[in-house]
Structures are given as structure tokens and as C-alpha cells.
1. Is it true that some residue in the range 212-220 is out of contact with any Leu (no Cβ under 6 Å at 6 or more places or on another chain), in the same structural domain as Tyr321 (by TED's automatic domain parsing) and of a type in the set (Val, Ile, Thr)?
2. Just give me the residues in the range 180-207 being in contact with an Asp or Glu (Cβ under 7 Å, 6 or more places away or on another chain) and either more than 23 Å from Thr535 (Cα to Cα) or part of a loop (DSSP other than H, G, I, E, B) (or both), in sequence order.
3. State yes or no: is Leu478 free of Cβ contacts under 8 Å to residues at least 24 places away in the same chain, in contact with a helix residue (DSSP H, G or I) (Cβ under 9 Å, 6 or more places away or on another chain), not charged (D, E, K, R) and not in a loop (DSSP other than H, G, I, E, B)?
4. When residues of the range 402-440 are filtered for being at pLDDT 95 or above and of a type in the set (Ser, Thr, Tyr), how many remain?
5. If I ask for residues that are buried (at least 19 other Cβ atoms within 10 Å of the Cβ) and among the hydroxyl-bearing types (Ser, Thr, Tyr), which ones from the range 369-403 would you list?
6. Report, by residue number, each residue of the range 484-518 that is of a type in the set (D, E, K, R), over 17 Å from Leu457 (Cβ atoms) and part of a strand (DSSP E or B).
7. Determine which member of the set Ala445, Ala456 is out of contact with any strand residue (DSSP E or B) (no Cβ under 8 Å at 6 or more places or on another chain), outside any strand (DSSP E or B), crowded, with 22+ Cβ neighbours inside 10 Å and of a type in the set (A, V, I, L, M).
8. Quick one: Ala367 ticks every box in (1) within 30 Å of Trp319 (Cα to Cα); (2) aliphatic (A, V, I, L, M); (3) over 28 Å from the mean Cα position of the chain (by Cα); (4) not in a loop (DSSP other than H, G, I, E, B) except a single one, so which number is it?
Amino acid sequence: MIKIRKDDWGGPSDDRPRRDPSRGPRKFNKGGSHRPMNKGGSDNDLDKSEVIANHRFDDISDIDNQILNLLEKRAYLIRKEGAWRKSRQKSLVDPKLEKLLRGAFDNRSGELGLDAKLSKQLFTLLNQFSLADARQKFTGEGYKLAPRVEPIQAGISGPRSFRHTRMLLALAASAGAAVKLAPVTMNAPNKDLAKALKQAGAPISWDDDFIRNDGDKTLGFEGNMIFVGEDSFNFYMLLCLALAHAGRCKFTGKPGLQLMDIGTLNKVLPKLGARLVAMNPNNPGLPARLECGGAMDEEITLPGGIDPDFAAALTLAAWSYPGGLTIRGLNQAARERVAEAVGVLNTCGIKATLDKDAVTVSDGIPAVDAQPSLPLSVSLGSMLLALPVMAGGSINVEGAWPKSDKANRVLEQLRALGLRLDVATENIIATMDGELPTKATISLAETPELRPLALALALKPAEATLSGQADDTLMELLDRMGVAYEETEDGIELKPGERSWDGTWFSPDPVWSMGCALAAYAVPGIKLENHFEVTATWPEFWNFYNSLPTGKMKPKPVKEKKDDTRRRIKIR
């Protein structure tokens, strides 16, 4: 039962006057403590204001804790019900039970005068907690990162760009082109897209390190229900490719995509002769039904707040629309994503031009190479190139370094730290033969996906400045490492001093885990609770990391082949 302080019911009184609005809003520092503004009041006024603010914090925090405890209990009960139903080969969710719960929830929220739309969204969120994997309290020792700080002499075939791989695969499948993409990392995004395209009729097959489309057959969406997994970019690509096909189809996905807001997409789709309708009125996202086939404009302007990945997917599919398409209203984030799609289109013979805030794609038929070269992943490949900065030595990364603004910024940053980079058509060699500066400015922190790398690089010099706006994860790691720092207008200045690690940490993203692996060269002893999630993104990473400084990995286990020479003989 939620407890509320008795004195909260009385409102303002002589002992507790209502706060004067002319004093302006209260201000709180980052730690949560109250810093009242003194505009001529006495010290007693400040003390009373401090007490009231602390009471409010305690009361609301206590209610939040009770809500979270009840949420955990609710999720447990529904998971328990789901486990019982699964044991009897039934669906995890009982439709009748959910209908009753939703009705009771809506009735009570109406009695309390709560917003009906927000209440429906809240009920959906509560169910998502029940369906998602429960994160148990960590009781182990953690995966300790304490690499040998010795000069590196290693070589590896670098991970290819996941986005470039998927864009080429989608392009080849929609154009009916035969293609074999190799080497690829068969992680969840790549595999989910291959499966989804196969559901749309593409003759696709795959193995541990390649994906192949046999060609001579284009995509068909009419009447299909396509499962897109949990990656929004995969959904956007399939959605935009389906716009060129008149008819109806349905898209579904994992819980994460059930909460995405497809309403913003309907600000664009009608101009392309289509509309997207959520099939569950209480879910803002998937499953959804696409209806398309109307007249398509040859020029559109994207509204503010549109997902940059949708802009990239629309650019990639625009060749299949009559007359092509011009897309205006690109912001900086969308422009960077669209630039990747423009590069893929130009490689495949489709004319695409990117201006400051617009992109124009002509119609045509893509000419996809049978065995195209896949560029390295910037976010993952840069982790490999940075190893000599952290430990010295040299590393040879097989694969073509991409030509993009983001990729060039990485090379400029590494060179500024004393690294020599020899870039060839099929590999890149990074050698630490310069002097590491005692003080450095790390500008890569301005790009969110490069922030883990930026943090690791900033820990190596005696002093460093991380430019740009820091996020909560970066700040948390700095505190956990005991780094002395100061926030300035230019960013975060890291001060010299002793640094150490204590306890374990749950990484929010595999790239952050890899960033910690790199940072451990400067702050050894970092312990991760969920290091295994990296394997799902890049299976070879821990094997290679633990084999440094030589980089000679353990061989992959060989699959046993079935003995087909045996025959069954029927004895009469």
C-alpha cells in the first residue's frame, strides 16, 4: 500500500506557507540536492525551504520504490502464467486474462481521472516488462578485463559494416540480382533481415560467414506477414521497398518494435500513396498493416523528429519508385545516415546526389556485383586500430576502410595521438611510432556511437578533453574509474591522478563493453556483468582480445560430418 505523509493533505498553512511564485523555479544540482535561490530572504527561510524540498524528495522517492516493487511482482506473476501456458503448448499470453486486466485497468484509471491515451500506453509497457527477459541481481564475480600491456603484433580480418551489408542485401533481393556477401558477421540484425527477405520471396541462404541471394526472383509483399526481428532499420528498409508494390501486407517484430511510434511515419507515407495502420489499437507500433498503391509524389519534405534510419531506408528504396524521389528536410543526423545509402546506390549504378539538406535519387535498375567488397565497420574497426595507441606495437586489419566523413574523423583522431596509418585497398595497418601527447583533445565523443572509443583514448594521455556533450553512461564510467574531471563549456577535462576500478558493471550496449575492453589498458580490473552480449554482435571479439598481443586465436570447432556411407538393410 502506498503511504503518503499526513501533512501533505493539508495544503499550505501558517506553518507551511505556499511558495512565492516570484522567487522563480527551484533549482536542483545533479546529485538531486536542493539549492534554493536566495532573493533577500532570511537563513530561516532557506532552512525551511530545504526541509520541504527534502520531504518532497523522500515522499516521491518512496512512492517510486513501491511502484517498482509492485511492477517486479506483476511481471513475475505474468511470467509465471506464461511458463505454465508454454508447458501446455499454448501462447504465452492468455487473451481472455489480458482483456479482463485491461478492462479493469481502464476503468480504474478513468475513475482516477487519468489520461486515457497515456493509461493505455502504460498498460502496454507493463506487459512489456513481463515479456522481456528478467535481469536478475548479479551475484557473480564479473568478467575481469586485465589485458597484457605489451606491444601488439597482430593481424585480423576486421568485421564488415553491418549496415552496408544489409543495404546491399536488400538492394540485391529487391532487384532480383544474384549476389554473395562475404565475409559477413552472422549476428541478429544480419540474420533477421535475411529471414525477412526470404519471407517476401527472395531466394536467400546463409552460413556462418556468408549470405547469398540466388537472384532471378524479386520481392513480393502482397498478403504476406513479415517478421522483421528487433532492428528498426530492417523494418524501415522492408517498409520502403514495399511501397513500390501495390496491395496490402503486414509487419510484425519483437517487443522493442511494438512500442515504436509509427504515427510519425504517416506524416510521410500518404505522399507516397500509402498508409500504415497499427493492428493492435493499444500498441503504437508493430504489428502493423501497410496499404499502398496510390499516386506517389516525386518530391517530399521530411517532418522534424523523423528517425534518421527511416530517411536512409527511403533513400535506398527510392530507385524503385516511378520517376525516383527527392527527399528534403534532412538534418545533420539524417544526412549522415543518408550518405551511407547514397554510397551504396552509386556503387550499384543508381544516380543519387546528396546536397546540404536534400537527396535526389533517380529511378532505374541496380547493377549489384556478384561478389561485392564490403567495407569495414567504423565503430568496431576503429577499436582494433586504437589498440596500438593503448599498448604500442602494430596491427594489420584486413578489409577496406570506408570513405566517409565519420571514417575520416577516426583516422584524423588516431593520427593526432601519434599513430601511423597505412591505408590500402584491402587492408589498413596501424603502427604506434609517434609520441603520445601528454595532453590531447578527443573530438570523437561528439558522435554517440564513437563515444566508447573516445573515452578509452582519453584515458591514455595524462590529461585530455572530451569535447561535446557527455551522456550518462560516459559520466558513470568516469566516476566508477575514479577519474578526476571537470565539466567546462568545451566538454569534460580529465585531470591527472590515480585511477582504479571497484565492483561490477552492467554494460548498456556491446560497443560500450568493447570500449571498456580498450579502456582496461589504462584502468585494469574493469569487471563486466554481461560480456557475453558482445559475442552476439561480434563472435570473434573476446577470442581475439584474450589472445593479444599476438592475436593468434584458438581455431573454431570443426563441425562433425554425418557418415552417409551407412545403409539400412532390410532382412526378410
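1. yes
2. Ala182, Pro183, Val184, Met186, Pro203 - these are the residues of the range 180-207 that are in contact with an Asp or Glu (Cβ under 7 Å, 6 or more places away or on another chain) and either more than 23 Å from Thr535 (Cα to Cα) or part of a loop (DSSP other than H, G, I, E, B) (or both).
3. Criteria met by Leu478.
4. Here the count works out to 1.
5. Ser377, Ser379, Ser382, Ser394
6. Within the range 484-518, Glu486, Glu487 qualify.
7. Criteria check complete, one pass: Ala456.
8. (4)
The values are calculated or read from the model by the stated rules, or taken from the named source; none is laboratory data. Just so you know, these numbers come straight off a predicted model, no measurement behind them. In this analysis, Cβ positions are derived from the backbone assuming ideal geometry, glycine residues included, and neighbour counts consider all displayed protein chains.
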